[in-house]
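Just so it is clear, none of the values below were taken in a lab; they were calculated from the coordinates. Only a predicted model underlies this, so the values are computations on that prediction, with no experimental measurement involved. No Cβ is skipped: glycine too gets one built from the backbone with ideal geometry, and neighbour counts run over all protein chains shown.
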Amino acid sequence: MSAEMKRIMVTGAVGQIGSELTMALREKYGNDNVLATGHKTQPSKTLLESGPFEFINVSKRETFDDLIKKYRIDTIYHMSAILSAAGEKNPKLCWDVNMNGTSNILDAAVDHKLVRVFIPSSIAAFGPETPRLNTPNDTILKPKTMYGVTKVAGELLCDYYVKRFNVDVRGCRYPGIISYETLPGGGTTDYAVAIFFEAVKTKSYTCFLREDSRLPMMYMPDCLKATFDLMEADFSKLKHHSDFNVTAMSFSAGELAAEIKKHIPEFRVAYEPDFRQAIADSWPQSIDDTAAREEWGWKPDYDLTRMTEDMLGVLQKRFEAGTLNY
Ligand code: AKB
C-alpha cells in the first residue's frame, strides 16, 4: 500500500473476517489508524481496547459519513454482510444491508475521494447453472440465494464505479473461511468451523450438510493474505476488480471429518442435512483462481492437512487451559 493509505475504516469489524482483519491492519498500520465499526453486536475487549470503535448501520449512510471526515479515512474494507443462510431467513434484510451498504460505501468513496476500497464477493455469486468443477472466473452468474443475488449485483456495481467514477475498488470471491478467533454466523460453510470446536469439546458433531458435500474453502491466514495482496496490487494491471476467484482447498464434509479423526480417533460425525443443503448444492465444488494468480500473484499457504493441524493445535490448547469459548 502506498504511504498515504493509512487511515482505514473496517465495516463488519465484529464479524468472523472483520475482527481478525482489523487486528492485522492495526498491527500493520498502527492501532489509531484503523477505525473498527460494527452494528449492534458488542465488540470483543481486544477490538475495543486496541483502537477506535464506532457503531454504524451501513445501509444508512448518515450513520457513518461524518466518521469518514472525523477520522480522515482514505481506505475502507467493507466486510459487513448478511450471509447465505441468514439471508434466506430474511431476504429483505439481506438486500438492505448488502445492497444499500455496498452502494453507500461506493458513493462515499466518490464523495470523499477515497484512495482505495475493498468490497468482497463470495462463491455464492455462482448458481446451479455454473460449471461446478474448477469453476472459471468469468462464467454464468445466476445464484438462487438472496445473498448470491446481492453479491453478483455488488460485483457489477463495483465495476460500474470503476469505469464511471474512477473508484479504486477491489475484491475477491471468498470461499468458506475457517478460523478460530470469531465464529462465523449465518453462512452455509459455517459447519467447517463448528466441526473443529465440537471435535475438541465433545468429540461428536451433527453436520447440517451431507457427507459428500464438497465446497471450496480457505484458512484465515490465507484469507488475510489474499485481502492484503489484492489491496497492494498495481491497479493498472488488474483486468478484474471485485470478482476475483480465490481458493486454497476443496473438501467434502466427510473428508474433513476423516482428517480430524487422524488427530482425534474417537471423533464421531452424524449427518442431518437441513435447508442449507440446497444452498451448498447450488455452489461450486472447486474453483479456478488463475486470474488472481496471474493478475496479482495469489498463492495460498494452507491445504487441508496443514489447516487441520493448526486449527486443532490452537483449539486443543485452549480447551486444556479452559479458554475454549464455544
Ligand atoms: C456463506 O456460507 O454464506 C459464506 C460464503 C461462502 O460467502 N461463508
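Report the net charge of residues surrounding G254, where surrounding means a beta-carbon distance below 11 angstrom and charges are Lys +1, Arg +1, Asp -1, Glu -1.
Local charge sum for G254: -1.
Viscosity 1.306 mPa s, temperature 10 °C: Stokes-Einstein D of the range 1-84 from its Kirkwood Cα radius, in µm² per second?
Translational D for this selection: 126 µm²/s.
Test of understanding: what is the full-extension gain from T305 to E266, defined as 0.36 nm times their sequence separation minus their Cα-Cα distance?
Result: 12.2 nm gained on full extension.
Take A194 and D212, extend 7 Å from each Cα along the Cα→Cβ direction, and tell me the distance between the two endpoints in nm.
It is 2.3 nm.
Are there any trypsin sites (Lys or Arg not before Pro) in the range 85-162 that are in a DSSP loop and have at most 10 other Cβ atoms within 10 Å? List them by number.
In loop regions of the range 85-162 (DSSP not H, G, I, E or B), the sparsely surrounded trypsin sites (Lys or Arg not before Pro) are K113.
Just the Cα atoms of the range 76-216: what Rg and Dmax do they give in Å?
Every Cα atom of the range 76-216 included, Rg and Dmax give 16.6, 54 Å.
How far, in nm, would the chain grow between T290 and A321 when pulled straight, counting 0.36 nm per residue and subtracting the alpha carbon separation?
The span from T290 to A321 would gain 6.9 nm if fully extended.
Could you work out how much longer the chain between T46 and F228 gets when fully extended? Use 0.36 nm per residue separation minus the Cα distance between them, nm to one decimal.
63.4 nm
Lysine pairs in the range 68-181 with Cα distance under 18 Å, only those 8 or more apart or on different chains: how many are there?
8
Could you order the peptides 7-18, 281-292 from most to least packed, using the average number of other C-beta atoms within 10 Å per residue?
So the peptides 7-18, 281-292, ranked by packing, come out 7-18, 281-292.
Report the Cα centroid-to-centroid distance between the range 223-242 and the range 100-166 in angstrom, as an integer.
Between the Cα centres of the range 223-242 and the range 100-166 lies a distance of 14 Å.
What does the charge count around Y174 come to, taking other residues whose C-beta lies under 12 Å from its C-beta (Lys +1, Arg +1, Asp -1, Glu -1)?
Neighbour charge sum, excluding Y174 itself: -1.
Straight-line reach only, C-alpha to C-alpha below 23 angstrom: list the lysines that K317 could link to, leaving out same-chain residues fewer than 8 apart.
List returned: K45, K201, K203, K261, K262.
Starting from the Kirkwood radius over alpha-carbon pairs of the range 248-326, derive D by Stokes-Einstein at 10 °C in a medium of 1.306 mPa s and give it in µm² s⁻¹.
My calculation gives 103 µm²/s for D.
Given 5 Å bins starting at zero, what is the percent of C-alpha pairs of the range 117-195 in each, up to the one with the largest pair distance?
Each 5 Å bin holds this share of Cα pairs: 3, 14, 21, 21, 19, 14, 7, 2, 0.
Which cross-chain or sequence-distant (5 or more) residues have an amide H under 5 Å from the amide H of I178, H modelled 1.01 Å from N in plane?
It is M218, Y219, M220, by chain and number.
Just add up the charged neighbours of S213: K/R +1, D/E -1, any other residue whose Cβ is under 11 Å from the Cβ of S213.
Cβ neighbours under 11 Å give a net charge of -1.
Where in the range 179-282 are there GluC sites (Glu not before Pro) that are in a DSSP coil and have at most 11 other Cβ atoms within 10 angstrom of their Cβ?
Hits after loop and neighbour filter: E266.
Would you compute, from DSSP H runs of 4+ residues alone, the mean residue ellipticity of the chain at 222 nm, taking -39500 (n - 2.57) per run and dividing by the full residue count, rounded to the nearest 500?
The helix-only estimate for the chain comes to -12000 deg cm²/dmol at 222 nm.
Regarding the range 263-306, what are the three Cα extents along the principal axes, ordered largest first, in Å?
Per principal axis, max minus min of the Cα coordinates gives 42, 31, 10 Å.
Straight-line reach from K299: which aspartates and glutamates have Cα under 14 Å away, leaving out those fewer than 8 places along the same chain?
D222, D229, D288, D289
Diagonalise the Cα gyration tensor of the range 20-67 and give the resulting equivalent ellipsoid semi-axes, square root of 5 times each eigenvalue, largest first, whole Å.
Semi-axes (√(5λ), whole Å): 20, 12, 8.
Taking the convex hull of the Cα atoms, report for the range 286-326 its projected area averaged over all directions, in nm².
4.4 nm²
Run the quick spin-label model on Y160 and K92: label points 7 Å from Cα toward the beta carbon, then report their separation in nm to one decimal.
2.3 nm
At 24 Å minimum axial length over the Cα atoms and a Kyte-Doolittle cut of 1.0, report the qualifying DSSP H helices in the chain, or say none.
none
In whole Å, largest first, what are the principal axis extents of the Cα atoms in the chain?
Dimensions of the chain along the principal axes of its Cα atoms: 57, 46, 37 Å.
Have a look at I195, N245, I73 and report the one farthest towards the positive end of the charge dipole of the chain, computed about the Cα centre with Cβ charges (Lys/Arg +1, Asp/Glu -1).
I73
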